[in-house]
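In what follows, a single structure is set out as structure tokens and then discussed.
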Amino acid sequence: MMIQSLQRKTLTNLVRTGLLLFLLGYGGGSEQAYGDSLNDDLVDLTGGVVPLLSYDPGGSFSGGGELFSGGRLSSRGDVRYLVRLKNQTGDPIEADSLILVVDKIQEMARLRDVTTSLDIQGTDGNTEDGKPYFRVPVDGQAELPPYGESESFPIEIKNPDLLRLYPPVLRVRGIRKTASHAYQGALQNLIQEGVVTPEEAKKSIDQSQ
């Protein structure tokens, strides 16, 4: 019995050592490939996650105003766009973190930002610097996968002064799940399962940086 107990203990230690060595290699590789991505704050993903914006002439949200003869939008009391996001980063994006920020809306005449003069419908809040944002729907998924697209959703703007507007400038924020995030998540699971101790996990993270 004592021999069997020693064999089991030796096997457990070997498995633990192998997992830690694997994770050390995984963590070091992710740092080299992706840089420091351990910050859980929402970061600007614009450029990697691209907003695809189109004017919606057939939406139910409509109002008076003028159109150029060619159909291009000039001025209108109510304006509706449809937007969806395309993830071109190569990494999944946490769905719950993904927001679309209306950075500014300029009027054509003087190129001034008139966002605060407009009523943007259905926003989910404002950023720390007061810009309105929308939470992005991703069809109930936990992540927006690499090269995947979100659902389309409307941006509806009330324009009471009938200003001639450029389309809104949009920015994307969220959490990009790089290899470093997966590395930390794997360590947390191993701690919960009792395979590694918190001290061993901390040492593994320290050595991977």
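No lab work stands behind these numbers, since they all come straight from the coordinates. Model, not experiment: these values are computed from the prediction. Reconstructed Cβ throughout: ideal geometry from the backbone, glycine too, with neighbour counts over all protein chains shown.
Tabulated data
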read-out	value
Efficiency of FRET from Cβ geometry, Asn189 and Val169, R₀ 25 Å, rounded to 0.05	0.05
Extended-chain gain in nm, criterion 0.36 nm per residue less alpha-carbon gap, Arg112 and Tyr147	9.2 nm
Gain upon complete extension [Lys104, Gln121; 0.36 nm per residue less C-alpha separation]	4.6 nm
Two-site FRET efficiency, Leu52 against Lys131, from Cβ-Cβ distance with R₀ of 22 Å, rounded to 0.05	0.65
Proximal charge balance of Leu82 [Cβ under 11 Å; K/R count +1, D/E count -1]	-1
